[in-house]
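Here's the structure, in structure tokens; my notes come after.
The values are calculated or read from the model by the stated rules, or taken from the named source; none is laboratory data. Being a predicted model, the structure only gives us computed values, none of them experimental. Don't worry about glycine lacking a Cβ; one is built from the backbone with ideal geometry, like all the others, and counts go over all protein chains shown.
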């Protein structure tokens, strides 16, 4: 299957079809394309063009396209749709997607839309889901699921499932509950296909079932599902009453978003932006970290001014040429150390005592520092740098590397212990503080050795 | 459900049980724990302890634990198992996991293990899967799937599926093929539950089916599955003959690994390492980038030496205090720009012409540069820096920021166009080259303005 590729030519064709109200051609396309592809097209159209195209789609496809388009675009489109039109789309969506859509509306419009939903149960389900925190299991789950009572026979179960299945887009697991809706276990499709028709569900279901509490945090759910290879997980309340289920496709999006966020934090980008966002949004995401860098840089200006007299020394002035090198080493080592720790924390693989971690990081940075210091002395020899100065720079660099590694390792650990996202420390934060520490240490150690 | 937490106390208990050959207690634990949790325990034991524990498990659990433990540990454990023992484990695994396990063995042992597999079809399937590239669709797929012939009735279909389902751990989709095994479409569980028993599959199946070619690259498969929310995708050859299927759980692991890899590259870590790896492995992953940074730093030493006489100027020597700041800005801006582009390339959202991209990046960096330059002049005033020097530094910094943003944007695009992983450019590569460019530009522009 060749994946859909949106190119300029296709886009121009669609734009011209919209301009000329060529509805036949547009409807034909809309039928052929997957909703994710249509969403990609709508993202590239103007809002008015997008609304025109969306109104041509049948209701089910419209709602799917709406859930897939960029958030900004969706917001603008929703503003142009009536409460009734939005309610019609919401009607088509599974409760989890419906809630995602509705929660983007202003609060007064939310109530209006819910009031317009014809299917009362659907409206109630959405109402309930809106009460949960967006990033909790409750905020991620859908109410649609297939559940059977332990006292049913296989025949009755199949009959009931036929009814339930018409409501549920994809059947993952079949959950078994008692008369009070308390989750007891699950029934695999395999069990259902191979069991005797007259057998009671009680006698064929699997008692072992993974589940999550409705208040569990989203990233914990993601970890659990990834670790235990779950494709769907039931969500229960404190009494183990079955409330909904979370499917892996929602978690895949969650994992991707989390990974993207960490990556952006590491690169010094504050909020979730994309290459195609507006210059204003991109500036908002980038400028704060750059200002932090600027302030940090002024800190190093201040430190260097303090060693101004070294500039007048015929040999020692060389130290000044090495400041960018030292700052870069401090930054690089710090980022490396923190990235490894941040990933370790995210995957729960940072074990053992803090002392062991400390010893390991010191050992590691000593090895790196000695190797790099040695190289520096060799290069220094060929560059004609005074031997004493060369050795001094190498030794100071070694100390800077060790300290930078320790800062890079322990800042994320300390942040994590205080429930702050440690990923924040991998980026400009560590680079900037290590620049300052590094330059200060470098000159201070050199001062002690060379005695200026 | 409280997720399993491995703590020191539990680990000590297990170690002591192993030492005292307390098999009853160990077996009880092994029955209770999920295989992913057992794998976590084995990761923390010595190899001998791990092998002891693994040999107590029933065969199915052993194989699952083996696929979950750390690669290094698995290798060591496999060395201590006989060919016959490994073959028994492989027998229990789905073909995709079996291949992952076997491919880690030395080639001569691979053949010996396959020869010992009793189920001939399983052995053949594994043999076939071993021929595909590890990161291709063929390398990710499993042979286990449920497929039905278009000419069967619903009743026959259910009967046949009962047989097939005993071989398949999880039924995702039911694939419909013709007499030559050519993929025609799929049958949803919903269709099956609601169709008339005497209906032919031909009349009820869904013709639209997503599929991937066996030679498709893994990351393309991951993109496709994430975009279209697929939980399983059939794999076909060039003639559309159904060969196997890829399930979302394998892709979740793939997505996580890819994200981790990009993140590590951005942080300047060369190969896939974890916080708990050995110092040697960590050094191998980190030292090369640090050496790159050292060489780059020496480049800036060389450039700064060229401007040595500026040091003797009573006012202009201030420029030297600003080199770490300029280098940091060049690095930060470059990393930001490249991170956004790398993510955009990964998610296929970098559209529009190169000229538009260029104009946008110039606009963006001009805004950032003017804002930061303004701040610098203000700070400079309070720090008592000569006004002309202050303005010169601000203007040079503006130029450095624009150039760094362009380098950060276009290096990944150029790498991507030449089929090199653009993520490689976000890390120390961009930082180091931007340090050198930045410092050179800074002094060169200052030289033109101030005329030294």
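Points to keep in mind about this one:
- The requirement of being surrounded by fewer than 21 Cβ atoms within 10 Å (Cβ to Cβ), assigned to a helix (DSSP H, G or I) and assigned by TED's automatic domain parsing to the domain that holds residue B:432 is satisfied by residue B:345.
- Enumeration of residues in the stretch B:269-290 that are at the interface with chain A (Cβ under 7 Å from one of its Cβ atoms) and not in a loop (DSSP other than H, G, I, E, B): B:279, B:282, B:283, B:286, B:287, B:289, B:290
- Residue match in the stretch A:227-235 (condition: surrounded by fewer than 17 Cβ atoms within 10 Å (Cβ to Cβ) and more than 7 Å from chain B (Cβ to nearest Cβ)): no
- Taking the listed residues A:398, A:372, A:364, A:304, the one that is facing chain B (nearest Cβ under 8 Å), in a helix (DSSP H, G or I), within 21 Å of residue B:268 (Cβ to Cβ) and more than 33 Å from the chain's Cα centre (by Cα) is A:372, with no other qualifying.
- Long-range neighbours under 8 Å by Cβ, at least six apart or interchain, first residue closer than 19 Å to residue B:32 by Cβ within the stretch B:45-71, second modelled with pLDDT of 85 or more and in a loop (DSSP other than H, G, I, E, B): B:50/B:69; B:53/B:45; B:63/B:93; B:64/B:93; B:65/B:57
- Candidate set from the stretch B:307-320 (those that are assigned to a helix (DSSP H, G or I) and more than 9 Å from chain A (Cβ to nearest Cβ)); member that is modelled with the highest pLDDT: B:319
- Each residue in the stretch B:430-452 was checked for being outside any helix (DSSP H, G or I) and either in contact with a helix residue (DSSP H, G or I) (Cβ under 6 Å, 6 or more places away or on another chain) or in contact (Cβ under 8 Å) with a residue 40 or more places away in the chain (or both), and 1 pass.
- Exactly one residue out of A:182, A:174 is outside the structural domain of residue A:99 (by TED's automatic domain parsing), modelled with pLDDT of 85 or more and in contact with a helix residue (DSSP H, G or I) (Cβ under 8 Å, 6 or more places away or on another chain), and it is A:174.
- Entry remark, the stretch A:296-315: residues being more than 15 Å from residue B:321 (Cβ to Cβ) and in contact with a helix residue (DSSP H, G or I) (Cβ under 9 Å, 6 or more places away or on another chain) number 2 in total.
- Checking the stretch A:295-307 against the condition returns a match, with at least one residue being free of Cβ contacts under 8 Å to residues at least 40 places away in the same chain and buried (at least 21 other Cβ atoms within 10 Å of the Cβ).
- Single residue of the stretch A:73-96 satisfying the filter (assigned to a helix (DSSP H, G or I) and in contact (Cβ under 8 Å) with a residue 40 or more places away in the chain) that is nearest to residue A:141 (Cα to Cα): A:96
- Failed item in (1) crowded, with 19+ Cβ neighbours inside 10 Å; (2) in contact with a strand residue (DSSP E or B) (Cβ under 7 Å, 6 or more places away or on another chain); (3) under 30 Å from residue A:159 (Cα atoms), with residue B:144 passing the rest: (2)
- The numbered conditions (1) part of a loop (DSSP other than H, G, I, E, B); (2) farther than 22 Å from residue B:96 by Cα; (3) facing another protein chain (nearest Cβ under 8 Å) are all true for residue B:294 except (1).
- Annotation: of all residues in the stretch B:401-419 being within 30 Å of residue B:315 (Cβ to Cβ) and more than 10 Å from every other protein chain (Cβ to nearest Cβ), the one that is surrounded by the fewest Cβ atoms within 10 Å (Cβ to Cβ) is B:403.
- Condition check for residue B:255: buried (at least 20 other Cβ atoms within 10 Å of the Cβ), part of a helix (DSSP H, G or I) and within 7 Å of chain A (Cβ to nearest Cβ): yes
Let's see how each residue does on (1) in a loop (DSSP other than H, G, I, E, B); (2) more than 29 Å from residue B:255 (Cα to Cα); (3) modelled with pLDDT of 85 or more; (4) away from chain A (no Cβ under 13 Å):
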residue	(1), (2), (3), (4)
B:190	no, yes, no, no
B:196	yes, yes, no, no
B:202	no, yes, yes, yes
B:220	no, no, yes, no
B:223	no, no, no, no
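- Hits in the stretch A:258-268 - residues which are at the interface with chain B (Cβ under 7 Å from one of its Cβ atoms) and in contact (Cβ under 8 Å) with a residue 40 or more places away in the chain: A:262, A:266, A:267, A:268
- Scan the stretch B:30-50 for residues that are away from every other protein chain (no Cβ under 14 Å), surrounded by fewer than 19 Cβ atoms within 10 Å (Cβ to Cβ) and in a helix (DSSP H, G or I) and the total you get is 3.
- Condition met for residue A:380 (within 12 Å of chain B (Cβ to nearest Cβ), under 32 Å from the mean Cα position of the chain (by Cα), crowded, with 18+ Cβ neighbours inside 10 Å and over 13 Å from residue A:329 (Cβ atoms)): no
- Only residues that are farther than 10 Å from residue A:293 by Cα, part of a helix (DSSP H, G or I) and facing chain B (nearest Cβ under 10 Å) were counted across the stretch A:420-429, and they come to 1.
- Enumeration of residues in the stretch B:116-155 that are closer than 23 Å to residue B:80 by Cα, outside any loop (DSSP other than H, G, I, E, B) and touching a residue at least 24 places away in the same chain (Cβ under 8 Å): B:116, B:126
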